[in-house]
1. Mind checking the dipole of the chain: about its Cα centre, +1 per Lys or Arg Cβ, -1 per Asp or Glu Cβ, Debye to the nearest 20?
2. Would you mind working out the accessible area per residue for the chain, using a 1.4 Å probe, and quoting it in Å²?
3. How much of the accessible area of the chain, in percent, comes from carbon and sulfur atoms when a 1.4 Å probe is used?
4. Go through LEU23, LEU81, PHE62 and say which Cα lies farthest out towards the positive end of the charge dipole of the chain; charges sit on Cβ, +1 for Lys and Arg, -1 for Asp and Glu.
5. For percent of Cα pairs over 19 Å apart, pick the label among (i) 36; (ii) 29; (iii) 57 that corresponds to the value derived from the coordinates.
6. Quick check on packing: order 46-57, 3-14, 30-41 by the mean number of other C-beta atoms within 10 Å, highest mean leading.
7. Along region 13-30, what does the Karplus equation 6.51 cos²θ - 1.76 cosθ + 1.60 (θ = phi - 60°) give for ³J(HN,Hα), rounded to whole Hz, x for Gly and Pro?
8. Got a sec to turn the phi values of region 40-56 into Karplus ³J(HN,Hα) couplings, 6.51 cos²θ - 1.76 cosθ + 1.60 with θ = phi - 60°, whole Hz, x for Gly and Pro?
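The values are calculated or read from the model by the stated rules, or taken from the named source; none is laboratory data. Source: prediction; values computed, not measured. Cβ placement follows ideal geometry from the backbone for every residue including glycine, while neighbour counts extend to all protein chains displayed. For the accessible areas, the whole protein counts, side chains as well, though only heavy atoms, and no ligand, DNA or RNA atoms are used. Shrake-Rupley method; radii C 1.70, N 1.55, O 1.52, S 1.80 Å.
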Amino acid sequence: TLKPIRLIGLWSFSIYLWHWPILAFMRYVYQSTMLPIYWLIIATALTFTFSILSYYFIENVFRGKKYKLPKSVLLIYIVPLFKD
């Protein structure tokens, strides 16, 4: 029932999605799998920042919307074909 714990629960999927790309990029830049503690602190801050932003500006925008089949097919299969 504590608000900070509930917020982390709401953001958990975004945290799950963002943590790995951030850590992988930092390991690539640092050229080691063992990152210094300050890099891990930065990674944690970036993960939470991107997670919160994507939760409010991406997930919440699409949550609860009901699309008919043609529009769903367009959004899921056709639009990604034109990514470049």
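1. Rounded to the nearest 20 debye, it is 440 debye.
2. Using a 1.4 Å probe on heavy atoms only, each residue of the chain averages 85 Å².
3. Here it works out to 74 percent.
4. Of LEU23, LEU81, PHE62, it is PHE62.
5. It is the value labelled (iii).
6. So the peptides 46-57, 3-14, 30-41, ranked by packing, come out 46-57, 3-14, 30-41.
7. Each residue of region 13-30 in turn: 5, 5, 4, 4, 6, 8, 5, 5, x, 5, 5, 5, 5, 5, 5, 5, 5, 6 Hz.
8. Couplings: 5, 5, 5, 4, 5, 5, 5, 4, 5, 4, 5, 5, 5, 4, 5, 5, 7 Hz.
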